[in-house]
Amino acid sequence: MRRMRRAVGGTAVVGVLLVGGWWIAYGDQGHPFGDERACAGSDVPLRQALDGVRLGLPAGAEDVHYVTHSSAPEGDVRVAVAFRSTRRAMQSYLSENRIVTKDLDALDDGRFENGDVGADPKTLGLCGGVPVILGPAAGIEKKVDLGGAEEYVDIALQLSDDFPGSIRTPTNVLITVRNAPLWG
């Protein structure tokens, strides 16, 4: 009887070790880099991709999903990242990164694209049910010169229904980075 219990116990231990080993080796294969925020097809971790254009994420960014393509053809999106943030965090982010340097509460004054903005997340390869940025919203484009190489950063974010021109809280945000302009 004792031998039978030991055999059953030993078999159970071996089974747990095998399942655990499989999980360690293959459990995160659905997410590049083992990062559950990364969508299939990403070939560079988010931090590395954003460092390349001297950006980060705003403090407290939630529900982050991203896709990266380090060798995207000219004009194509190299990085697309979607997240949810607060009004205050996005105001700080836009100001600190010199994307919008004044009139943060006037994002609907004609200097920026308004209405339904940003690309459809599905066409970018974003996963996780990322919503389309519907109006009222603002689209901001900024050209970044990285020592001769130009990058174009597009930021689409939701605006408040109650306070025209101000950022909604919470707001859905979509940042895309292209390595060359879509136009000549």
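A few points about this structure:
- Two-site label geometry, Asp145 and Phe33: point separation in nm, points 7 Å out along Cα→Cβ: 2.9 nm
- Protein heavy-atom surface of segment 31-94, 1.4 angstrom probe: 45% of the accessible area is carbon and sulfur, with nucleic acids and ligands not counted.
- Computed accessible area, Asp43, all protein chains, 1.4 angstrom probe, square angstrom: 70 Å²
- Spin-label model distance (nm) - Glu113 vs Glu74, 7 Å beyond Cα toward Cβ: 2.1 nm
- Label-reachable residues, segment 114-158, where backbone N falls under 17 Å from a point 7 Å from Glu62's Cα toward its Cβ: 129-131, 158
- Solvent exposure of segment 46-184 as accessible area per residue, Å², 1.4 Å probe: 50 Å²
- Each other residue within a Cβ distance under 12 Å of Arg178 adds +1 if Lys or Arg and -1 if Asp or Glu, for a net charge of -3.
- Among Thr169, Thr86, the order of accessible area from largest down is Thr169, Thr86, computed with a 1.4 Å probe on protein heavy atoms.
- Sum of side-chain charges, Ser71 neighbourhood, beta-carbon under 12 Å (Lys, Arg +1; Asp, Glu -1): -2
- Here Thr101 and Lys122 are evaluated by their C-beta separation; at R0 = 30 Å the FRET efficiency comes out at 0.35.
The values are calculated or read from the model by the stated rules, or taken from the named source; none is laboratory data. Remember, predicted model here, so these are calculated numbers, not experimental data. Because the Cβ atoms are built from the backbone with ideal geometry, glycine has one as well, and the counts that use them run over all protein chains shown. What goes into the accessible areas is simple: the full protein's heavy atoms, side chains included, and nothing from ligands, DNA or RNA. Shrake-Rupley method; radii C 1.70, N 1.55, O 1.52, S 1.80 Å.
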